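Visitor: Have a look at this one.
Values in this text are rule-based calculations from the coordinates and carry no lab data. Predicted model, so just to flag it, every value in this text is computed and none were measured. Here the Cβ positions follow ideal geometry from the backbone for every residue, glycine too, while neighbour counts run over all protein chains shown.
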Amino acid sequence: MTDIGLLGVQKTLTPVLKAKALDNRLPDPILGDTYAERVMRRLDPGYDRGRFGTSQLGLVAVVRSRAHDDWARGFLADHPDAVVLHLGCGLDARAHRLDPPPTVDWYDLDHPAVIELRRRLLPARDHCTLIGSDVTDLTWLERVPRGRPVLMVAEGLVPYLPEADVRRLLTGVVDAFPEGQIQLDTVPVWAWRFSRWDPTLRRYDARFHCGFDVPAALAAWHPRLEYVDEAPMYDAPVLMAKAPAGVRRVYRLLNLLPGMRRSTRIVRFRFRETPA
Ligand SMILES: C[S@@+](CC[C@H](N)C(=O)[O-])C[C@H]1O[C@@H](n2cnc3c(N)ncnc32)[C@H](O)[C@@H]1O
């Protein structure tokens, strides 16, 4: 793979992108993201040269994307005037996949180096603005229109932030908008603690900075925030239906360990205007 000039946590976008690219090579993909395949090919023309079967173990990350897409699609169908905050977007082509109407204003945010790469590798879209910023520096929120429903999607981002920053982000977004949906994923406390020894994260010189055993409890951070539900990931029916047999077998075994089955939790929250 060519050096794409990313550092530390920024590099964690590549395994997820690769998983999406490989998914698109399946006869019946889970996500079917042609952008991921094109971008991955440009970053690493030989990315799919390895043993196809085992390299598909990353498919579980694709299940996570699909869950976020399905929830986002539902919210945008009900709120065609929404503002979307796609935080820690990496090189994910969610706006292209969901193709929202022009009444939706979409913001893709990531570190400046990642946004620069995005500009080079993904086509621009009307009503879609790129913001190169650390997500924890909340001044970026001043660039976003208020007074409209908001959809915040933070896929694969929260574990990389300290808990105090996650809390400021969530409460800052709830305070800034009249109503909205917040979608994110978290890891449990053990996975956070273990992350300093996780070989994949070590390779990227990254580690987790927070973990939650009960992600629904984040709703207590703001009086207007309500927990809605959780989407399956490691035991998702779509994974069992569409993954190659070898991958299904591995996940069936891993899922026998309850800690493993819930080692990433995809959760959704909502908030509404307080009645006067
Ligand atoms: C695991 S990748 C996920 C990328 C994308 N959401 C996806 O699912 O394909 C994590 C992303 O979060 C970004 N990120 C991590 N910490 C960040 C921060 N403090 N501010 C902005 N982006 C951050 C990284 O640069 C990276 O692109």
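Visitor: Can you give the angle from 0 to 90° between the axis of helix 13-23 and the longest principal axis of the chain, with both taken from C-alpha atoms, to the nearest 10?
Guide: Approximately 60 degrees, to the nearest ten.
Visitor: Using a Förster distance of 30 angstrom, determine the FRET efficiency expected from the C-beta separation of R119 and E273, and round it to 0.05.
Guide: E between R119 and E273, to the nearest 0.05, is 0.25.
Visitor: Hey, what do the phi angles of segment 166-176 turn into as Karplus ³J(HN,Hα) couplings, whole Hz, using 6.51/-1.76/1.60 and θ = phi - 60°, x for Gly and Pro?
Guide: 4, 5, 5, 5, 5, 5, x, 5, 4, 5, 7
Visitor: Which angle between 0 and 90 degrees, to the nearest 10, do you get for helix 59-78 versus the longest principal axis of the chain when only C-alpha atoms count?
Guide: 30
Visitor: Apply 1/(1 + (r/R0)^6) to the Cβ-Cβ distance of T171 and T34, taking R0 = 25 Å, and write down the FRET efficiency to the nearest 0.05. Each step should come with its number before you reach the end.
Guide: On the way: r = 37 Å, r/R0 = 1.49.
Computed FRET efficiency for T171 and T34: 0.10.
Visitor: Residues in segment 107-132 near a label at L7, defined as backbone nitrogen under 17 Å from the 7 Å Cα→Cβ point?
Guide: Once the point is set 7 Å along Cα→Cβ of L7, 110-117, 132 turn out to lie under 17 Å by backbone N, inside segment 107-132.
Visitor: Can you sort L98, L85, L253 so the residue with the fewest Cβ neighbours within 10 Å comes first?
Guide: Placing the least packed residue first, the sequence is L253, L98, L85.
Visitor: Taking H as built 1.01 Å from N, whose amide H comes closer than 5 Å to the amide H of V150, not counting residues under 5 places away?
Guide: The list, which skips near neighbours in sequence, is V83, E179, G180, Q181.
Visitor: Counting DSSP beta bridges in the chain, what percent are antiparallel, to the nearest 5?
Guide: Among the beta bridges of the chain, antiparallel pairing accounts for roughly 40 percent.
Visitor: Let me ask something additional. Per Stokes-Einstein, at 10 °C and 1.306 mPa s, what whole-number D in µm² s⁻¹ belongs to segment 111-155, with the Kirkwood radius over Cα pairs as the hydrodynamic radius?
Guide: 130
Visitor: Order these peptides, 239-248, 32-41, by their mean beta-carbon neighbour count within 10 angstrom, highest first.
Guide: 32-41, 239-248
Visitor: Show me, for segment 91-97, the HN-Hα J-couplings you get by feeding each phi into the Karplus relation (A = 6.51, B = -1.76, C = 1.60, θ = phi - 60°), rounded to Hz, glycine and proline as x.
Guide: 10, 6, 9, 4, 4, 5, 5
Visitor: Something else about it: Which part of segment 161-198 falls in the paramagnetic zone of R146, meaning amide N under 13 Å from the point 7 Å along Cα-to-beta-carbon?
Guide: Counting only backbone N, you get 172-179.
Visitor: Here's a follow-up. In sequence order, what are the phi-derived ³J(HN,Hα) couplings for segment 144-151 according to the Karplus relation 6.51 cos²θ - 1.76 cosθ + 1.60 with θ = phi - 60°, rounded to whole Hz, with x for glycine and proline?
Guide: 10, x, 9, x, 10, x, 10, 10
Visitor: Would you kindly state how much longer the chain becomes between D198 and L138 on full extension, computed as 0.36 nm times their sequence separation minus their alpha carbon distance, in nm to one decimal?
Guide: The span from D198 to L138 would gain 18.6 nm if fully extended.
Visitor: A further question follows. What ranking do W190, W140 get, fewest neighbouring Cβ atoms within 10 angstrom at the top?
Guide: W190, W140
Visitor: Right, another one. Grab the Cα-Cα distance for M260 and E230, subtract it from 0.36 nm times how many residues apart they are, and report the gain in nm with one decimal.
Guide: The M260-E230 span can extend by a further 9.2 nm.
Visitor: How far is helix 34-43 tilted, in degrees, relative to the longest principal axis of the Cα atoms in the chain, given as a value from 0 to 90 rounded to the nearest 10?
Guide: Approximately 70 degrees, to the nearest 10.
Visitor: Excluding residues fewer than 8 places away in the same chain, name every one of the lysines whose C-alpha is closer than 23 Å to that of K242.
Guide: K18, K20
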